[in-house]
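Colleague: Take this structure, written in structure tokens, and hold onto it; I'll ask about it next.
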Amino acid sequence: MARKAPKKSKNENGNGPVAVAAVVEVKPVSGSKRPPGPLINMPGAAAVSATPMSPSLKAEPAPAPAAEPAPAAALASRSQASALAVPKRHDMWEQAQRQLDEVAKTIKLDPNVHVMLRHPKRTLEVSVPVRMDDGHVEVFQGYRVHHNQYRGPCKGGIRYHHEVSMEEVKALAMLMTWKCALMNIPYGGAKGGVVVDPNKLSQAELERMTRRFTSEIMLIIGPDRDIPAPDMGTNAQTMAWMMDTYAMINGHSVPQIVTGKPVAVGGSLGRIEATGRGVSFITAAVAKECGLDMKGLRVAVQGAGNVGSNAAKAVHELGARVVAISDVKSGVYNENGIDPFKLFSAMGPKDFVENNCAGQKISNEDLLKLDCDVLIPAALGGVITDANAAQIKAKIIVEGANGPTTPDADAILEKKGIIVVPDILANAGGVTVSYFEWVQGIQYYFWELEEINTRLHKIMKNAFTNLWALSRRERVSMRTAAMMISVTRVAEAAKSLGLFP
Ligand code: NAD
């Protein structure tokens, strides 16, 4: 029996809130733009926007990473997602292209570069036959997409989810291009996925499926061509299987083929926590700009997987009060604060937040509408829509997930003065430390955790500072500013390389 991707033009997960684009020379966006975000208590907001800050479109020192990690035992918990009804959304790919088109206008992007960026460099669709534990064979559908490689090899996660589709993977690959460019990491964008609910497979079936999928996409992956990493439904164990499959077929070990793998086989210290840690750096930075104190900052987190759990722990360490957290089943609200360290040490891999946390039970939908300072959506894409954006009370949204906010919702939030920190900045800590992992693998020389976290902090701080300045100066949303920077960098690379032949 074959499992096919649902035939639909819309998909749900992480549709990237890809913002707009920019040109090679970043021109000051002329007049238009809506007022700069909601400068909540921001001391001297006017002064900020009046200050002719350089668009900071200059290349900074370089940084770097890739996709997304997850502890081995987390497979079970992340796979819960598959059981849930994912919110219906519009076509992510169309949306990603539209966002590029908008930025292209804003920055007067060269039409010849624009047209190339609108298309993925290559797409691969594979059948993945797997012998199940009872002896019968099932065929799963898999994808790998390279959006482009102007700035370096392709980089992006592998997602196991029953709603994965080619359209979604194309959109997420494009998002990776912008994310890597924004962080000034020398990668192009890629993404992959298999249409499967990993929760419904045994570990042995998952391993066989992962190994066969890896062999099928070996046509286009490689340590200097395309380096996969974990995403929803996959984790460090998945990466170890991919690495081993690649090694078996090639006859020698190639640790740089994947990132987000276990430390025991060349993974980087700090990779598992990197995305959540990066979310906390950005939360602290934006709160400061808005005149909000990190100490006691009320934070609500949707998602208790890799990103959600580590973001909750990291903001807690910085003094914030986590007032709510949820997983696929439900959420818990506690005005006095939830200690995420206690919560996650008590929670088993297949356990739920509601069984381990004191407080009032709330739904995932209600969590989004809580009265809090910062909302961190860190589960699925497309959860903040035109249907609920008007009811959101958070002052700031920091996008831990890929594509949690639809463009329609973005417009509503902006009118309400809510600052939205786009995913391509907020969750880029994962790809940054993946980049570190890749570099360490190439050199066979591994860094101390302190060095990794210091470098991560520096890169994220630089990216935030540049983006914030451009956003204030041009009076555009942070998402638009992020896209202006990213697309400008990618376009610059495209122009330098020229067009083959
Ligand atoms: P994960 O599989 O570890 O965790 C997902 C979490 O979301 C789980 O707690 C699950 O219970 C919850 N969830 C699933 N469906 C839900 C629903 N319908 N409503 C509410 N909660 C639901 O995944 P992750 O690695 O933490 O990734 C989460 C998001 O962050 C994804 O959008 C992913 O693309 C993005 N992301 C992850 C990384 C990374 O390093 N892991 C990096 C960048 C972006």
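The values are calculated or read from the model by the stated rules, or taken from the named source; none is laboratory data. Being a predicted model, the structure only gives us computed values, none of them experimental. We place every Cβ from the backbone using ideal geometry, glycine too, and count neighbours over all the protein chains shown. Just so you know, the surface numbers come from the protein's heavy atoms only, side chains and all, with ligands and any DNA or RNA stripped out. Shrake-Rupley method; radii C 1.70, N 1.55, O 1.52, S 1.80 Å.
Colleague: Among Glu474, Glu216, what's the order by accessible area (1.4 angstrom probe), most exposed first? The partial results should precede the final answer.
Modeller: Values: Glu474 15, Glu216 50 Å².
My answer, sorted largest first, is Glu216, Glu474.
Colleague: With a probe of 1.4 Å, find how much accessible area the range 347-386 has per residue, and write the answer as a whole number in Å².
Modeller: Details: 1580 Å² over 40 residues.
Normalised by residue count, the accessible surface of the range 347-386 is 40 Å².
Colleague: Using packing as a proxy for protection, rank 305-314, 143-152, 162-171 so that the peptide with the highest average count of other Cβ atoms within 10 Å comes first. Each step should come with its number before you reach the end.
Modeller: On the way: 305-314: 27.6, 143-152: 24.2, 162-171: 25.8.
Result, highest mean Cβ count within 10 Å first: 305-314, 162-171, 143-152.
Colleague: Rounded to a whole number, what is D in µm²/s for the range 365-472 from Stokes-Einstein with the Kirkwood radius over alpha-carbon pairs (20 °C, 1.002 mPa s)? Write down the numbers at each step before the final one.
Modeller: Details: Rh = 15.4 Å.
The estimated diffusion coefficient comes to 140 µm²/s.
Colleague: Output wanted: per-residue J couplings in Hz (rounded whole) for the range 206-214, from phi through Karplus 6.51 cos²θ - 1.76 cosθ + 1.60, θ = phi - 60°, x for Gly and Pro.
Modeller: After applying 6.51 cos²θ - 1.76 cosθ + 1.60, I find 4, 5, 5, 5, 5, 5, 5, 4, 4 Hz.
Colleague: In the structure displayed, which of Lys170/Lys395; Lys105/Lys416; Lys313/Lys395; Lys313/Lys350 lie more than 27 Å apart, Cα to Cα? Spell out each step's value before the answer.
Modeller: Working: Lys170/Lys395 32 Å; Lys105/Lys416 25 Å; Lys313/Lys395 21 Å; Lys313/Lys350 19 Å.
Violating the 27 Å Cα-Cα cut-off are Lys170/Lys395.
Colleague: Over the Cα atoms of the range 176-323, Rg to Rh with Kirkwood Rh, two decimal places? Before the final figure, lay out the partial values.
Modeller: Working: Rg = 17.9 Å, Rh = 17.2 Å.
A ratio of 1.04.
Colleague: Only bridges whose two residues both fall in the range 235-359 count here: according to DSSP, what percent of them are antiparallel, nearest 5? Before the final figure, lay out each step's value.
Modeller: Numbers: 3 of 8 bridges.
The answer is about 40 percent antiparallel.
Colleague: Rank these by accessible area, largest first, 1.4 Å probe: Thr210, Thr454.
Modeller: Working: Thr210 0, Thr454 85 Å².
Heavy-atom accessible area, descending, gives Thr454, Thr210.
Colleague: Give a residue-ordered list of calculated ³J(HN,Hα) values for the range 330-341 (Karplus: 6.51 cos²θ - 1.76 cosθ + 1.60, θ = phi - 60°; whole Hz; x for Gly, Pro).
Modeller: 5, x, 10, 10, 9, 4, 6, x, 10, 8, x, 5
Colleague: Take the Cα pairs of the range 147-241, get the Kirkwood Rh, then feed it into Stokes-Einstein at 37 °C and 0.692 mPa s and tell me D in µm²/s. Kindly include the intermediate steps, with their values, before the conclusion.
Modeller: Details: Rh = 13.5 Å.
For the chosen part, D equals 243 µm²/s.
Colleague: With a 10 Å radius around each residue's Cβ, average the other Cβ atoms per peptide and rank 117-127, 366-376, 188-198, highest first.
Modeller: Working: 117-127: 16.8, 366-376: 23.3, 188-198: 27.8.
The densest-packed peptide leads the list: 188-198, 366-376, 117-127.
Colleague: May I ask for the Rg/Rh ratio of the range 79-236, computed from Cα atoms with Rh as the Kirkwood radius, given to two decimals?
Modeller: On the way: Rg = 16.5 Å, Rh = 16.4 Å.
Looking at the range 79-236, the ratio lands at 1.01.
Colleague: If you scale each eigenvalue of the Cα gyration tensor by 5 and take the root, what three semi-axes come out for the range 198-251, rounded to whole angstrom and sorted largest first? Before the final figure, lay out the partial values.
Modeller: On the way: eigenvalues 74, 31, 17 Å².
Three semi-axes, in Å: 19, 12, 9.
Colleague: Jot down the per residue volume, in cubic angstrom and as a whole number, of the convex hull over the alpha-carbon atoms of the range 336-392. Write out the running numbers ahead of the final one.
Modeller: Working: hull volume 6.2 nm³, N = 57.
Per-residue hull volume (Cα only) is 109 Å³.
Colleague: Suppose we keep just the alpha-carbon trace of the range 304-408; what are its Rg and Dmax in angstrom?
Modeller: Both quantities, over Cα of the range 304-408: 12.9, 39 Å.
Colleague: Share of antiparallel DSSP beta bridges in the range 321-464, in percent to the nearest 5?
Modeller: Of those bridges, close to 50 percent are antiparallel.
Colleague: What accessible area per residue comes out for the range 125-209, rounded to a whole number of Å², with a 1.4 Å probe?
Modeller: Numbers: 2050 Å² over 85 residues.
Per residue, the range 125-209 has an accessible area of 24 Å².
Colleague: Under a no-solvent Debye model with one identical scatterer per Cα of the range 409-492, what's log10 I(q)/I(0) at q = 0.12, 0.21, 0.22 Å⁻¹?
Modeller: So the normalised log intensities are -0.46, -1.00, -1.06.
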